[in-house]
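Derivation of every value follows stated rules applied to the coordinates shown; laboratory data play no part. These figures come from a predicted structure and were not determined experimentally. Every residue, glycine as well, gets a Cβ built from its backbone with ideal geometry; the counts of neighbours run over all protein chains shown.
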Amino acid sequence: MKKNIVLIGGRGVVGSSIYKYLNLNYKINICSRNDKFDKFLDNAEIIIHTANSSKKFEAIKNPNRDYKESILKTKKIASKFKQKKIIL
């Protein structure tokens, strides 16, 4: 039986590449921007978090936005899936 992986940010550049690579050997559930994490809690064995901002070059101009998109999002994922294996 294939392991269930939740791929957060699976529609982005990094996430879609990971999906193409892992999809052959694992059951991948893509969690996109508008999805609720609770929907994925029961079936998730491994979480892959690729939902970081692609605009890191703007972090100096807008550090608050970068903090929200990086640190707070990762903290939320870690707290929701705290009993799971998480790959960042």
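Inside region 1-42, residues that are in contact (Cβ under 8 Å) with a residue 12 or more places away in the chain, among the hydrophobic types (A, V, I, L, M, F, W, C) and either more than 19 Å from SER79 (Cα to Cα) or touching a Leu at 6+ places or on another chain (Cβ under 7 Å) (or both) make up a count of 8. Within region 30-72, the set of residues being part of a helix (DSSP H, G or I) and either within 22 Å of ASN4 (Cα to Cα) or among the acidic types (Asp, Glu) (or both) comprises PHE37, ASP38, LYS39, PHE40, GLU58, ASP66, GLU69. Scanning region 54-85 for residues that are surrounded by 17 or more Cβ atoms within 10 Å (Cβ to Cβ) and not basic (Lys, Arg) turns up ASP66, GLU69, ILE77, PHE81.
Going through region 63-77 one residue at a time, which ones are touching a Phe, Trp or Tyr at 6+ places or on another chain (Cβ under 9 Å) and either over 11 Å from GLY9 (Cβ atoms) or of a type in the set (D, E, K, R) (or both)? Result: LYS76, single match.
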